[in-house]
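Step one of this worksheet: look at the structure below.
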C-alpha cells in the first residue's frame with residue numbers, strides 16, 4: 001500500500017464486553033485496519049448497563065473530541081458504543097431474541113461516526129449531535145452473541161474504509177426516539193471516588209446556587225447527606241461534600257457535575273451507590 005492510500009484512523013471502543021474480550025477486539029481491529037495507522041483506545045463499562053456506556057462514551061470520548069476542536073482534514077474517527085440488554089428483558093431461554101437489538105451507524109455533526117445497538121441509553125447523551133443515522137445490515141449469515149466484535153467493528157471499518165467489508169450495508173433510517181426516566185443518576189465513578197452526575201432533566205434548575213447547601217440521598221436509602229455547590233473540585237473545606245464541575249463536558253458543551261469529598265473519597269462515604277442509582281436532591 002502506498003503512503004497516499006494510508007489512512008490515519010482513531011478508534012474508540014466503549015463496551016460492556018471487557019476483561020479478556022479486549023484482546024479479541026484488538027485482534028479484530030488490527031486485521032480490519034491492516035495497512036493503515038490505527039490509534040486505539042479501549043474503555044470497559046458495567047455489564048449490560050446502557051447508561052454507563054452511553055454516559056462514558058458521550059462525555060469521556062465525544063466530549064473530549066469536541067473540546068479540542070474540529071476534526072482535521074483526513075482525520076477519521078469512529079467509536080464503538082456497546083451495551084445491550086434485550087428490550088424484551090428476556091436474556092435467556094427459548095423466548096429470547098437471538099438477533100438482538102438493531103445496530104445503528106450514526107454520523108455526528110462534527111464528523112465522528114458511532115456504531116452500536118439501539119438499546120436503552122446507549123445513544124441518549126449524544127442524541128442532539130446526530131446528523132444522519134443508518135441501520136447496519138450484516139449479510140454474512142454469521143450467528144454470534146458477540147456482535148460488537150464481529151459486526152459492529154467491521155461496520156466501522158466499512159464506513160471509514162469504504163469497500164473493505166462488502167458484507168456490511170448501511171440503510172438510511174431515522175433513529176427511534178430515545179426515552180429516559182427523568183431524574184439525576186450516578187453516571188460513573190472515577191478512581192478518586194468522585195461521582196459523576198448524569199442528568200436526564202430538561203434544565204439545570206436542580207443545581208443549587210453557588211455557595212448554597214442542599215441535602216441529597218441515593219435511591220431508596222434513607223441516609224441523607226449535605227453538600228455545597230462550589231466552583232472547583234478542590235474548593236471547600238477538608239471533608240466537605242461538594243457539588244462542582246471539572247474538565248468533563250457533554251458533547252453539547254454543557255459541563256458535567258461531580259459530587260466530591262474534599263480531601264477524600266465521596267463514593268464509599270455515600271454508600272457506594274451503583275451506576276444508575278437515582279440521586280434525589282432535596283430542599
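The values are calculated or read from the model by the stated rules, or taken from the named source; none is laboratory data. Keep in mind that what you see is a predicted model, and the values were worked out from it rather than measured. So basically every Cβ, Gly included, is an ideal-geometry build from the backbone, and we count neighbours across all protein chains shown.
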Can you tell me which of 121, 135 is in the same structural domain as residue 13 (by TED's automatic domain parsing), modelled with pLDDT of 90 or more and not in a strand (DSSP E or B)?
121
Which condition number in (1) surrounded by 19 or more Cβ atoms within 10 Å (Cβ to Cβ); (2) at positive phi; (3) out of contact with any strand residue (DSSP E or B) (no Cβ under 6 Å at 6 or more places or on another chain) is the one that residue 251 fails?
(2)
I'd like to verify a number: residues in the range 190-233 that are surrounded by 12 or more Cβ atoms within 10 Å (Cβ to Cβ) and either touching a helix residue (DSSP H, G or I) at 6+ places or on another chain (Cβ under 8 Å) or in contact (Cβ under 8 Å) with a residue 40 or more places away in the chain (or both), how many?
20
Please determine whether any residue of the range 150-162 is surrounded by fewer than 13 Cβ atoms within 10 Å (Cβ to Cβ), at positive phi and assigned by TED's automatic domain parsing to the domain that holds residue 54.
no
Considering residues of the range 108-133 that are over 19 Å from residue 50 (Cα atoms) and in contact with a helix residue (DSSP H, G or I) (Cβ under 8 Å, 6 or more places away or on another chain) only, the residue surrounded by the most Cβ atoms within 10 Å (Cβ to Cβ):
112
For the range 191-209, enumerate the residues that are farther than 20 Å from residue 263 by Cα and assigned to a loop (DSSP other than H, G, I, E, B).
200, 201, 202, 203, 204, 205, 206, 207, 208, 209
All-but-one check, residue 241 against (1) within 15 Å of residue 206 (Cα to Cα); (2) at pLDDT 90 or above, failing number (1)
Quick check: is even one residue across the range 24-36 assigned by TED's automatic domain parsing to the domain that holds residue 115, modelled with pLDDT of 90 or more, on the phi < 0 side of the Ramachandran plot and part of a strand (DSSP E or B)?
no
Can you tell me which condition residue 182 does not meet? The list is (1) farther than 17 Å from residue 242 by Cβ; (2) surrounded by 11 or more Cβ atoms within 10 Å (Cβ to Cβ); (3) under 22 Å from the mean Cα position of the chain (by Cα), and all the others hold.
(2)
Let me confirm something: among 175, 156, which residue is part of a helix (DSSP H, G or I) and at pLDDT 85 or above?
156
In the range 8-23, which residues are in a loop (DSSP other than H, G, I, E, B) and touching a strand residue (DSSP E or B) at 6+ places or on another chain (Cβ under 6 Å)?
18
When only residues in the range 234-268 that are in contact (Cβ under 8 Å) with a residue 60 or more places away in the chain and over 20 Å from residue 125 (Cβ atoms) count, which is farthest from the chain's Cα centre (by Cα)?
264
Exactly one condition in (1) modelled with pLDDT of 95 or more; (2) crowded, with 20+ Cβ neighbours inside 10 Å is false for residue 168; which is it?
(1)
Mind telling me which of the residues 236, 264, 246 ends up being in a strand (DSSP E or B) and either surrounded by 14 or more Cβ atoms within 10 Å (Cβ to Cβ) or not assigned by TED's automatic domain parsing to the domain that holds residue 189 (or both)?
246
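A quick yes/no check of all residues on (1) within 13 Å of residue 148 (Cβ to Cβ); (2) loosely packed, with under 14 Cβ neighbours inside 10 Å; (3) under 10 Å from the mean Cα position of the chain (by Cα); (4) at pLDDT 85 or above:
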residue	(1), (2), (3), (4)
38	no, no, no, yes
52	no, no, yes, yes
55	no, no, yes, yes
70	no, yes, no, no
74	no, yes, no, no
81	yes, no, yes, yes
92	no, yes, no, no
95	no, yes, no, no
Surrounded by 15 or more Cβ atoms within 10 Å (Cβ to Cβ), at pLDDT below 95 and assigned by TED's automatic domain parsing to the domain that holds residue 78, is that true of residue 105?
no
